[in-house]
Amino acid sequence: MASIALKRPERNRDRSILLLKLVTDTFRTSSASGSCLEASVRHAYMSAQAPDLKESVVAKLVDERHAAWEADLPLGDDVALWDYLTVLDQGSRLALLAHCLSFGINALHEKVNPYGAGISASGLTRRMAHADLVARAVDLDMVEAGWEPTVDGYLNRVPKARILEAVREAKGEGTAQLLDHLKKGEMATEAERLLKGSGWLPEVLRRADLVTFDGEVIAEGQGEAATEPEEIDLPAFLTADLPESHASMMAAE
């Protein structure tokens, strides 16, 4: 952030109070910071997540961005912080605002509670619709961001039927049938191998206007896997009990 440009305070003072409040909430550990502005961003946390999420490229980039801002902001003095914010150039001001707001983005697809505790069905629908709008606005592509269906991050957390559905969408019905007889752990492991590099995403991670499988961009409403045969290197244990001709046919599907 050392290259942040500064300019004369002109019309920034009327906007700085919002940034002052959000920056204070985001960068100070004390929740009882106090302010004359009753505005805040409620930080969103997931109760369960993949064990390696904090080590992902995206998570590290967020941490680096936070540390860079933290090093530049005069957080120990409200007057100095106010003066700093009023002379930020517009690009840096918007970047800082986006960073603070990003901690409040909640696109979690929660289970609806019919008894009133937690999010309602209509609330969840609205949340996911808003999340899709944000994803389109920032051109978010979870495949490009590095997400893949791994055993620990996804496949062990969903039922066997969902694993088979994922393989079916990405690799076709024949490949999914080969996994049908496996136990959950074996199925998840083999599905991870088959889905690697396929571009498959769970429905909740897909942008409504864009779906990709095996690198192919598919328009909305056309999310079924391609029907062209694909040569798949299947492990021996999947076809060991099948007749040779049938096993060859299944591997080509």
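We did not get these values from a lab; they are worked out from the coordinates using the rules stated. Since the structure is predicted, the reported quantities are computational estimates derived from the model, not experimental observations. Cβ placement follows ideal geometry from the backbone for every residue including glycine, while neighbour counts extend to all protein chains displayed.
Ordered by packing density, taken as the mean number of other Cβ atoms within 10 Å over each peptide's residues, highest first, how do 84-93, 168-177 rank?
Most protected by this proxy first, the peptides run 168-177, 84-93.
Is any residue of region 43-69 close enough, with backbone N under 20 Å, to a label point placed 7 angstrom from the Cα of A107 along the Cα-Cβ axis, and if so, which?
Zone members listed by number: 43-66.
So if R0 is 35 Å, what FRET efficiency would V62 and H181 give, r being the distance between their Cβ atoms, rounded to the nearest 0.05?
0.25
Starting from the Cα-Cα distance between S35 and L97, subtract it from 0.36 nm times their residue separation and give me the gain in nm to one decimal.
20.6 nm
Show me 98-110, 114-126, 67-79 ranked by packing, highest mean number of other Cβ atoms within 10 Å first.
98-110, 67-79, 114-126
Using 0.36 nm times the number of residues separating R28 and A121, minus their current alpha carbon distance, what extension gain do you get?
Separation in residues times 0.36 nm, less the Cα-Cα distance, equals 30.0 nm.
Using a Förster radius of 35 Å, what is the FRET efficiency between D152 and D209 based on their Cβ-Cβ separation? Nearest 0.05, please.
Rounded to the nearest 0.05, the efficiency is 0.75.
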